[in-house]
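Let me begin by presenting the structure, written as structure tokens, before commenting on it.
The values are calculated or read from the model by the stated rules, or taken from the named source; none is laboratory data. Because the structure is predicted, anything quoted here is derived from the model rather than measured. Please note: Cβ atoms are built from the backbone with ideal geometry, for glycine as well, and neighbour counts cover all protein chains shown. Ligands, DNA and RNA are excluded from the accessible area calculation, which covers all protein heavy atoms including side chains. Shrake-Rupley method; radii C 1.70, N 1.55, O 1.52, S 1.80 Å.
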Amino acid sequence: MPVGTQATVKSMTPDELKEIDANIILGNTYHLWMRPGMEVIAAAGGLHSFMNWERPILTDSGGFQVFSLASPKDISEQGVKFSSHIDGSSHFLTPELSIEIQKTLGSDIMMQLDECTPWPATYEYSKSSLERTTRWLERAIDVWDKPEKQALFGIVQGGMYTDLREQSAREITSFDLPGFGIGGLSVGEPLETMLEMLDAIRDIMPAEKPRYLMGVGTPTYMIESILRGVDMFDCVYPTRVGRNGTAITSQGRVVIRNAVYAKDFSPIDPACQCYVCKNYTRAYLRHLIKANEILGMRLLSWHNLYYLIDLMKQAREAIKADKFLDFRKEFYLNQSFVVDSIR
């Protein structure tokens with residue numbers, strides 16, 4: 001899912017997102033609550049109308065931003081008191097309020113408010129945190145009144161402890177929800193640790209319901225997570241690195257601002273069929289990035305989003321054909337960089 005933090009996927013229009021076959025995007029509860037505010041979005045008729053996007057939207061709960069951006073913050077059983085990163089104003093986010101905000105946004109999938117366990121964290125803190133997240137899910141369900149219009153996902157936490165991950169997965173999936181998120185991973189821990197946590201819960205989570213690994217969007221992490229049962233991803237990575245001059249390709253990362261591409265008149269990725277690769281060269285894109293031109297940032301973001309969405313299409317087809325392990329092997333053979341521990 002491309003990330004539309006503030007009711008826009010950075011540098012991309014809705015029509016361009018449709019062209020690359022983005023069927024669902026993500027919006028951010030915290031940012032939209034802080035600016036422009038629920039009064040504006042309600043008056044616009046909801047987030048779909050406000051941003052001119054008729055396809056599905058998933059909104060996160062705002063919890064990750066509260067825990068990572070807002071300061072200071074005070075966590076209690078009732079919720080989180082924090083100061084806005086925009087103007088310092090004081091706010092109190094509860095599990096119920098998070099759902100109410102997402103109702104106003106009118107997203108198709110809502111996420112519960114969870115306590116985002118930092119890394120590293122002690123065993124005792126991680127256990128207390130996951131148990132609070134379970135209690136917060138119960139409160140979110142109590143105010144979830146239109147399941148036919150908005151799906152609600154619970155979130156598995158538990159830090160980097162396999163037994164706590166298992167405990168959280170059992171508790172969260174005991175609720176009959178349309179799908180489940182997996183939070184608190186890819187927050188700085190080694191890849192091997194993240195995969196160990198996914199392995200721990202793979203057989204606990206219901207196979208017939210979608211599993212959403214939150215905040216993960218690099219090709220290697222996605223391929224390895226699919227192998228462990230994950231279905232959905234979101235991340236700012238493709239647009240963020242695109243704006244900074246890096247392309248994600250079938251051969252690995254291409255840092256387009258490097259001098260070696262000054263007279264390279266080949267496409268970013270010869271294997272790619274996106275608009276950018278069909279029409280522009282590495283040399284031209286390098287020129288745009290070096291000149292700090294907006295078009296360069298847009299085109300690299302466009303390509304990166306297309307590449308990841310297309311990679312997931314290929315993964316789905318490989319799964320349907322029962323050839324995912326072959327697909328994974330070929331993926332690594334084509335990459336110019338390889339994580340040795342998972343090769």
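The set of residues from the range 141-179 being in contact with a Pro (Cβ under 9 Å, 6 or more places away or on another chain) and buried (at least 24 other Cβ atoms within 10 Å of the Cβ) comprises F153, G159.
Return the total of residues in the range 197-223 being polar (S, T, N, Q) and under 17 Å from E166 (Cβ atoms).
Narrowing the range 197-223 to residues polar (S, T, N, Q): 218, 220.
Going one step further and asking which of them are under 17 Å from E166 (Cβ atoms), we end up with none.
Number satisfying all stated conditions: 0.
Quick one: in the range 56-86, of everything that is of a type in the set (S, T, Y) and under 26 Å from Y212 (Cα atoms), which residue is most open to solvent (accessible area, probe 1.4 Å)?
Step by step, filter the range 56-86, then rank; the result is S68.
Residues in the range 198-216 that are farther than 14 Å from F180 by Cβ and outside any loop (DSSP other than H, G, I, E, B) were compared, and the one that is most open to solvent (accessible area, probe 1.4 Å) is D199.
Against the conditions (1) closer than 24 Å to F331 by Cβ; (2) touching a Pro at 6+ places or on another chain (Cβ under 7 Å); (3) free of Cβ contacts under 8 Å to residues at least 24 places away in the same chain, T281 satisfies every one except (1). Of the residues making up the range 270-284, those that are of a type outside the set (A, V, I, L, M) and either in a loop (DSSP other than H, G, I, E, B) or open to solvent by less than 30 Å² (accessible area, probe 1.4 Å) (or both) are P270, C272, Q273, C274, C277, Y280, T281.
Collect the residues in the range 206-246 that are among the aliphatic types (A, V, I, L, M), touching a residue at least 60 places away in the same chain (Cβ under 8 Å) and out of contact with any Gly (no Cβ under 6 Å at 6 or more places or on another chain), keeping them in residue-number order.
Within the range 206-246, the first condition is being among the aliphatic types (A, V, I, L, M), and the residues that meet it are 207, 213-214, 216, 222-223, 226-227, 230, 232, 236, 241.
Of the ones still in play, those that are also touching a residue at least 60 places away in the same chain (Cβ under 8 Å) are 214, 222-223, 226-227, 232, 236, 241.
M222, I223, I226, L227, M232, V236, V241, listed by residue number.
For the range 87-136, a tally of residues being modelled with pLDDT of 95 or more, polar (S, T, N, Q) and either buried (at least 21 other Cβ atoms within 10 Å of the Cβ) or closer than 15 Å to T59 by Cα (or both) returns 9. Kindly check whether there is at least one residue in the range 40-59 that is closer than 25 Å to K146 by Cα, more than 22 Å from the chain's Cα centre (by Cα) and among the aromatic types (F, W, Y). The answer is no; no qualifying residue exists. Output the residue which, of all residues in the range 219-237 that are part of a loop (DSSP other than H, G, I, E, B) and of a type in the set (A, V, I, L, M, F, W, C), is nearest to the chain's Cα centre (by Cα). The selected residue is V236. Selection of first residues in the range 321-334 that are modelled with pLDDT of 95 or more and of second residues that are open to solvent by 80 Å² or more (accessible area, probe 1.4 Å), restricted to Cβ pairs under 7 Å at least 6 apart or on distinct chains, gives the following pairs, ordered by first then second residue: F327/Q314; Y332/R343.
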